[in-house]
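Visitor: Have a look at this one.
Throughout, read-outs are computed from the coordinates displayed, never taken from laboratory work. If you're wondering where the values come from, they're calculated on a predicted model, not measured in any experiment. Cβ atoms come from the backbone with ideal geometry, glycine included; neighbour counts cover every protein chain shown.
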Ligand code: KIV
Ligand code: ZN
């Protein structure tokens, strides 16, 4: 693998599916997994096999159909979880077991009522056991975001020795600031013996709206895998949004980090996940929201009509959106009205446009958005209508 390749680990079907009320059935998961495979993700976390017979079946069925990506199953540091995950993954062309345990003081004290040494022992045992089934074992240090770096480095060192190939450093509670998360990854890169044998992975939650920024800081500081979900769905405020990190790396080529994702599929897969889960995507969602390429103020519309790049940093076609939208509202200008009128067949002179624009503003003040039918009506009710020629 080249040094600048960032692996995309999609967890839409595991962490993403933990959204209350958004459970998917196996058939829906298979459709999404197939699309993720086409999209070019490197790893599909298909579920948590021991959690229910339905999840076991989904992981097993996904393992049968995925052609390129590694299929991964989540476990706790519990022997039976690991055995069941290995069984569910047995048909996968490439299988990964993702095991781990909480490492922050809070998790050690309150969740496990244990101590730091005993946690390292459990982590090592889990990785060694997982290794008896598959070569590719990822270890997660849950709540790594709030784990002190020195102890985290000791945990990482011990699980690498036990055979872990990927070290997941989750900011489980979405607490870290980007520079803190980046510094954590840098610290591990510089202080864990044997780190060159493993890939560091960012798994960031969005409780403070920082999941994407933290993941990017992570890869800038040496991580080479990002765990993310389509549309950023997931528990509470969600996970890192796949489409965001992929487009950030694509639009900033000087970072020299590449994901290999087929970005033209992003909008389609976003719609698929949103429809299958019944989760509406906020209109202002970066990259895939309905307004991500829509312009409604006159100043912006005038710029975009002259040259798209004045107000767009991404070509909508690059993410599978056919074109930028010029939305007509009472804030729109003459250029936008002329542009939209031309699209539906009216070539307006300056004088005609002056009259129609006045009528348009009266109309738009009473309606949130002016559509093509409204434009026809405004033009046809104007005094200058008979003089207007067709644009075609
Ligand atoms: O957020 C988290 O810590 C997780 C782990 C189970 C990987 O999802
Ligand atoms: Zn998570």
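Visitor: What is the order of 22, 156, fewest Cβ neighbours within 10 Å to most? Please report the intermediate quantities before stating the final value.
Guide: Numbers: 22 14, 156 26.
Exposure proxy ranking, most exposed first: 22, 156.
Visitor: In addition: Just to be sure I follow: if Rg is taken over the C-alpha atoms of segment 54-117 and Rh is the Kirkwood radius over the same atoms, what is Rg/Rh?
Guide: On the way: Rg = 14.6 Å, Rh = 13.0 Å.
Across segment 54-117, the Cα-based Rg/Rh ratio is 1.13.
Visitor: Right, next: Per the Debye formula with a single identical scatterer at each Cα and no solvent contribution, what log10 I(q)/I(0) holds for segment 300-390 at q = 0.17 Å⁻¹?
Guide: Evaluating at q = 0.17 Å⁻¹ gives log10 I(q)/I(0) of -0.73.
Visitor: Helix-only estimate, please: 222 nm mean residue ellipticity of the chain, summing -39500 (n - 2.57) across DSSP H runs of length 4 or more and dividing by its residues, to the nearest 500. Intermediate results must be reported in sequence, preceding the final value.
Guide: Details: 13 runs with 155 residues, N = 392.
It comes out at -12500 deg cm²/dmol, rounded to the nearest 500.
Visitor: Please work out the C-alpha center-to-center distance from segment 175-199 to segment 79-100 and express it in whole Å.
Guide: With segment 175-199 and segment 79-100 each reduced to a Cα centre, they are spaced 26 Å.
Visitor: Separate question: When the chain is treated as a GNM, springs tying every alpha-carbon pair under 10 Å, which of 272, 13, 361 comes out with the largest mean-square fluctuation?
Guide: 361
Visitor: How many angstrom lie between the C-alpha centres of segment 358-392 and segment 135-173?
Guide: 62 Å
Visitor: Over the chain, with a Gaussian network built from C-alpha contacts below 10 Å, which listed residue (212, 75, 281) shows the highest mean-square fluctuation?
Guide: In this elastic network of the chain, the residue with the biggest mean-square fluctuation among 212, 75, 281 is 281.
Visitor: Using only the C-alpha atoms of segment 318-357, find the volume of their convex hull and express it per residue in Å³. Let's see the in-between values first.
Guide: Values: hull volume 3.4 nm³, N = 40.
Normalising the Cα hull of segment 318-357 by residue number yields 84 Å³.
Visitor: Okay, moving on. Using Cβ counts within 10 Å as a stand-in for footprinting exposure, how do 91, 280 rank, fewest first? Walk me through the numbers before you get to the answer.
Guide: Numbers: 91 15, 280 11.
So the ranking, lowest neighbour count to highest, is 280, 91.
Visitor: Follow-up. Kindly put 193, 317 in sequence by how many other C-beta atoms sit within 10 Å of each C-beta, fewest to most. Could you put the intermediate results ahead of the total?
Guide: On the way: 193 11, 317 14.
The fewest-first ordering by Cβ neighbours comes to 193, 317.
Visitor: What Kirkwood hydrodynamic radius do you get for segment 150-285 when you take the inverse of the mean 1/r over all pairs of distinct Cα atoms, in Å? Write out the running numbers ahead of the final one.
Guide: On the way: mean 1/r = 0.0640 Å⁻¹.
The answer is 15.6 Å.
Visitor: Can you grab the distance from the C-alpha centre of segment 315-354 to the C-alpha centre of segment 12-77, Å, no decimals?
Guide: Using only Cα atoms to place each centre, the spacing works out to 42 Å.
Visitor: Can I ask one more? Just to be sure I understand the curve: with the Debye formula and one point per C-alpha of segment 7-277, what is log10 I(q)/I(0) at q = 0.14, 0.15 Å⁻¹?
Guide: -0.92, -1.07
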